[in-house]
Amino acid sequence: MGQTARVSAFAWTAAVSLAAWLWLLLCQGFFWRTDVRLPPRREPAAWPDVCVVVPARDEADVLPLSLPSLLAQDYPGRAEVFLVDDGSTDGTGELARELAARGGGLPLTVSSPGGEPPAGWTGKLWALRHGIALARARGPEYLLLTDADIAHEPDSLRLLVAAARTGGFDVVSQMARLRVASLWERLVVPAFVYFFAQLYPFRRIGRRGSRTAAAAGGCVLLRADTAAKARVPDAIRHAVIDDVALARAVKGGGGHIWLGLADRVDSVRPYPRLRDLWRMVSRSAYAQLRHNPLLLLGTAAGLALVYLVPPAAVPAGLVTGDAPAVLLGVAAWLVMTATYLPMLRYYRQPLWLAPLLPFTAFLYLLMTVDSAVQHYRGRGAAWKGRTYTRPGTVADEG
């Protein structure tokens, strides 16, 4: 009798997991599709002025791969680049000037806000505030906020502006294609973007009237007057995740946002080891949950039900002779695998990685728990030599 109840529990739990996957497949904005790309290009009659703002802190390793691509933008209008050296100790500012002198291209201004950020400000947002203030003195129509580890193809700015101008968007943001080279990057990076899209389906973000708002901080083209109206970055200076906070501020003011996957914008930052990726995720995972232990418990339970139950139900059902548990577990695992295939294709990765998504989800669960543990130990989120210990002062610093 006890074994029968246990078998029934396996089957019931697997059925709930399958139902959850069918709902995600059909009702969560088709998050698994990867065809949300920049709208078809229609060049505007006149090209507006654009200022590019790049916050940078200790980025000498990646700057030679990224900054020249910005300076080499083939943009028909007036554009210039402002790199804000946020207290670097590795010669980031000097290297930026040297790269500009070597290659020419768009004008480059290297500046620094000086000192540490005031209380209540994260480093990246304080640097952005300084850079945006310098840019506004030029009177641009658009601001391109891009991280120091992001490389742009020569026509990137042109395509972004064309999409924003002709599409009537206040924000056009692209999720840069992250580096995928090492084994751990292959396992973790595509899933990172997959999970992000699951939380913030791109199609819903671009729909007028939708409450879903998000952006990708590595590449955000923003109307300057929209930024002023939304009081960006001052209004989000204490933001947990700055790109999502920016999008919410803009959308809350009636702005129109577009977010999609990039074809011509790439991150050059390597995360070759598991501990590198672990740090990337865990530094802000608990902040994403608003430092709420109940949300942490709910997230852990949800991840377990959706991602871990299907592969667990199969061997459990085989051992106990519970055929329904096996069939339901296999069905849920198949749906999960099918939704992950488009992201693996986008990242040009072998499709045999798709059934391993439960393992990657388990890693993300551990990273999230570790993020909470570090928070309660008073270590907060540490990045580039700074530690944010209080809720509301943790940010994604790129």
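Values quoted throughout were computed directly from the atomic coordinates according to the rules given, and no laboratory measurement underlies them. Keep in mind that what you see is a predicted model, and the values were worked out from it rather than measured. Positions of Cβ are generated from backbone atoms using ideal geometry, with glycine treated the same way; all protein chains shown enter the neighbour counts.
Before moving on, here are some points about what is shown:
- Computed helical MRE - 222 nm, the chain, DSSP H runs ≥ 4 contributing -39500 (n - 2.57), nearest 500: -15500 deg cm²/dmol
- The range 98-222 shape via C-alpha gyration tensor axes, a/c threshold 1.5: rounded
- Kirkwood Rh and Cα Rg combined as Rg over Rh, evaluated for the chain: 1.00
- Most to least packed among 180-186, 211-217 [average Cβ atoms within 10 Å]: 211-217, 180-186
- From the C-alpha gyration tensor of the range 1-148, square roots of 5λ in Å: 47, 23, 15
- Stokes-Einstein, applied to the Kirkwood radius of the range 169-321 over Cα pairs at a viscosity of 0.890 mPa s and 25 °C, places its translational diffusion at 140 µm² s⁻¹.
- Ratio Rg/Rh, restricted to the range 50-272 and using Cα atoms, in which Rh is the Kirkwood radius: 0.94
- Net length available on complete extension from residue 279 to residue 98 is 62.1 nm, with 0.36 nm assigned per residue and the Cα-Cα distance removed.
- Amide H contacts of residue 178: 267, each under 5 Å away and 5 or more positions distant or on a separate chain (H built 1.01 Å from N in the peptide plane; Pro and chain starts excluded).
- Residues 27, 219, ranked from the fewest to the most other C-beta atoms within 10 Å, line up as 27, 219.
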